[in-house]
Amino acid sequence: MIKFFYMGGNFMSILTIELVIITAWIIYQLVTGYNSKQPNKEEILRKISYGKSMGFFALATGFLGQMFGLMGAFSVIKQHPDIKIEYIFDGVGVSMISATYGVFIFLFSMILWFVASMIIEKKFKTTAV
């Protein structure tokens, strides 16, 4: 896994920072909303849903990293037109690492958002009775 992290380039660090921020944001909003003295369900769910938007931003960042990787690969191919096809496919594969990581972060943020939302919904269902 660490090999892929280094192969993915500079965008992997940016994506990891985004992953930490997303996780911290959703957990913080869940804990503060759950333990609030005067909870407002809509406001808590709205703040938790920002985690989804951040996950989408991570997805876009991953694809941006892939575009930069492809531009670098294409510039090398332009300079060396006799390059072997195996190297071209390796370059395309490496460029997809950051996009794949962005997709995983997006999916993780969606799962985290779903779980946090269910916890808040369950709390308000039990307190309403």
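The values are calculated or read from the model by the stated rules, or taken from the named source; none is laboratory data. Keep in mind that this is a model prediction, so the values were computed, not measured. We place every Cβ from the backbone using ideal geometry, glycine too, and count neighbours over all the protein chains shown. Only protein heavy atoms, including side chains, enter the accessible area calculation; ligands, DNA and RNA are left aside. Shrake-Rupley method; radii C 1.70, N 1.55, O 1.52, S 1.80 Å.
How many Å³ per residue does the convex hull of the Cα positions in the chain occupy? It would help to have the intermediate numbers written out before the result.
Details: hull volume 11.8 nm³, N = 129.
Cα convex hull per residue, to the nearest whole number: 92 Å³.
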*Can you give me the relative contact order of the chain as a percent, contacts being Cα pairs under 8 Å and 6 or more apart?*
39 percent
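What number, rounded to the nearest 500 deg cm²/dmol, is the helix-based mean residue ellipticity at 222 nm of the chain, given -39500 (n - 2.57) per DSSP H run of at least four residues and division by all its residues? Let's see the in-between values first.
Working: 4 runs with 113 residues, N = 129.
Calculated from helices alone, the mean residue ellipticity at 222 nm is -31500 deg cm²/dmol.
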*Using the alpha-carbon atoms, what tilt in degrees (0 to 90, nearest 10) does helix 85-128 show relative to the longest principal axis of the chain?*
0 degrees
*For region 45-93, build the convex hull from the C-alpha positions and give me its volume per residue in Å³.*
45 Å³
_Degrees between helix 41-79 axis and first principal axis of the chain (Cα, 0 to 90, nearest 10)_ = 0 degrees
*When the chain is modelled as a GNM with alpha-carbon springs shorter than 10 Å, which of Phe68, Phe11, Phe89 fluctuates the most?*
Phe89
_Formal net charge of residues neighbouring Trp25 (Cβ-Cβ distance under 14 Å; K, R +1; D, E -1)_ = +2
*If Tyr28, Tyr6 are ordered by their accessible area, calculated over protein heavy atoms with a 1.4 Å probe, which sequence runs from highest to lowest?*
Tyr6, Tyr28
*Taking only Cα atoms, what is the 0 to 90° angle, nearest 10, from helix 11-34's long axis to the longest principal axis of the chain?*
10 degrees
*Measure out, as a whole number of angstrom, how far apart the alpha-carbon centroids of region 63-129 and region 21-62 sit.*
21 Å
